[in-house]
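To keep things clear, I will list the structure first and then write my remarks on it.
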Ligand SMILES: [Zn+2]
């Protein structure tokens, strides 16, 4: 137990010296969360304790009701549950309001998956890296509240999309890297239709510059080859990946029959079918990650979900993003391929379950605010879909949003509630291990030790 190693004598000395420090330095933002249920997201164990936060870190954890201070912000955690802050590993930030929306839902870290637009559009691309970097600095200097940000900057793409960087030739790859390095990105995002020679060059330059490259998969390549090149994470479900949802040939046959595959279709996808089991091994061998973005895939089936469409949080989002959602829903409504979307959705749920069983690293990512995603709220939905549709345990789902992102980024002092760890925390009224929907029951959110959201008693979940 975390509290056990602190002997009483040491605690008294430590407390006296802390009192001295806090009285004399008058530091603001020191918080005591007392008598709360602390969840260890690695093991699922729950233990009671007092959590003392000083500046931006967890200073100490002790047995319940053993810390009493006058100069601290006191939060009664009795019957509440404390977890480390959540991460959304696939977002596109188009407006500064997203930053506070993330925090309101306990999302204290995000991986922005890039783009470069100067004004909000349909929600599927991010604002340019210059703006995101400006916000990053403001947050570091405590002038702005928001989640920890890792950014992709402008995407590398073979599609000719106007706000992406072209990578058809070796020279274009060199230029794209130069641009991204100038923009001080944290990693490289690849999109689709990238020629194989360019892919190889991207892998080489990424290694040379000590940057990860992540993103979509370019057809017609085999996913196992792309993973062997070193792509660190794969986003969304696409053709080179979907056939890995099962290792049962009969189940695969049912899928293809139900989706109306012709002989030509079967021939076209045959290389990916043959690669399907290699994909599983390649993910493991290369320690690559998969971000299933279930929430955005599920949005294809939601054109009649009035509660979701009229969610009150949409009022906080730019009008163009809401309009983008309406157009997306209209397209889905008019689509004759609802059955196909449903089949792919079912395949995705099985794929997520299979990857989880195979211990392949999963990352929770919502793709908000693309196609109707709501910053913060959609990450909760991603976790709920992982449990209720893909049949992960609540603990397994929470790990994809807490432990796995910290491992992915190599963050040594995030993702756990322990002495010396970063005080990005979420206090819940109900236990999320009993029901993942309790992730909605937020009482308080702490970013670097500062209370950034506090729900009053009579407010709803
Ligand atoms: Zn995206």
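Only the coordinates and a few stated rules stand behind these numbers; no lab work does. In this text, all values refer to a predicted model and were calculated from it rather than measured experimentally. Note: ideal-geometry Cβ built from the backbone for every residue, glycine included; neighbour counts use all protein chains shown.
Is the shape of segment 26-126 rounded, prolate or oblate, going by the alpha carbon gyration tensor and its root eigenvalues a ≥ b ≥ c, with a/c under 1.5 for rounded and a/b larger than b/c for prolate?
prolate
Against the globular-protein guess of 2.2 N^0.38 Å, express the Cα radius of gyration of segment 146-212 as a ratio, rounded to two decimals.
Normalised Cα radius of gyration, segment 146-212: 1.06.
Can you tell me what share of the DSSP beta bridges in the chain is antiparallel? A percent to the nearest 5 is fine.
The antiparallel fraction comes to roughly 45 percent.
Could you work out how far the C-alpha centroid of segment 160-197 sits from that of segment 334-365, in angstrom?
Taking the Cα centre of segment 334-365 as reference, the centre of segment 160-197 is 28 Å away.
Order these peptides, 251-260, 42-51, by their mean beta-carbon neighbour count within 10 angstrom, highest first.
Ranking, from highest mean packing down: 42-51, 251-260.
Can you tell me the Rg and the Dmax, both Å, for the Cα atoms in segment 209-340?
Over segment 209-340's Cα set, Rg and Dmax evaluate to 18.0, 49 Å.
Taking 7 Å along the Cα-to-C-beta vector as the label spot, tell me the residue 437-residue 306 distance in nanometres, rounded to one decimal.
2.0 nm
Compactness ratio of the chain: Cα Rg over 2.2 N^0.38 Å, N = residue count?
1.02
If I model a spin label at residue 393 and residue 130 as a point 7 Å from the Cα along the Cα→Cβ vector, what separation in nanometres do I get?
Placing both labels 7 Å along Cα→Cβ, they lie 5.0 nm apart.
Would you please give the FRET efficiency between residue 184 and residue 254, computed as 1/(1 + (r/R0)^6) with r the Cβ-Cβ distance and R0 = 41 Å, to the nearest 0.05?
The pair residue 184/residue 254 has a calculated efficiency of 0.25.
Quick check: the angle from helix 377-388's long axis to the longest principal axis of the chain, C-alpha only, nearest 10 degrees?
70 degrees
With everything on Cα atoms, drop me the angle between helix 8-25 and the longest principal axis of the chain, reported from 0 to 90° to the nearest 10.
Helix 8-25 and the main axis of the chain meet at about 90 degrees.
Does segment 221-290 come out rounded, prolate or oblate, given a ≥ b ≥ c as the square roots of the eigenvalues of its C-alpha gyration tensor, rounded meaning a/c under 1.5 and, failing that, prolate meaning a/b above b/c?
In terms of gyration-tensor shape, prolate.
Relative contact order, percent, of the chain when contacts are C-alpha pairs under 8 Å separated by at least 6 residues?
20 percent
Measure nothing but the geometry: give the 0 to 90° angle between the long axis through the Cα atoms of 338-357 and the longest principal axis through the Cα atoms of the chain, rounded to 10°.
50 degrees
Given a Förster radius of 41 Å and the C-beta distance between residue 334 and residue 96 as r, what FRET efficiency does 1/(1 + (r/R0)^6) yield to the nearest 0.05?
Using R0 = 41 Å, I get an efficiency of 0.75.
Need one number: nm distance between label points at residue 174 and residue 274, each 7 Å from Cα along Cα→Cβ, rounded to one decimal.
It works out to 3.7 nm between the two label points.
Rounded to the nearest 0.05, what FRET efficiency is calculated for residue 219 and residue 315 with R0 set to 25 Å and r the Cβ-Cβ distance?
0.05
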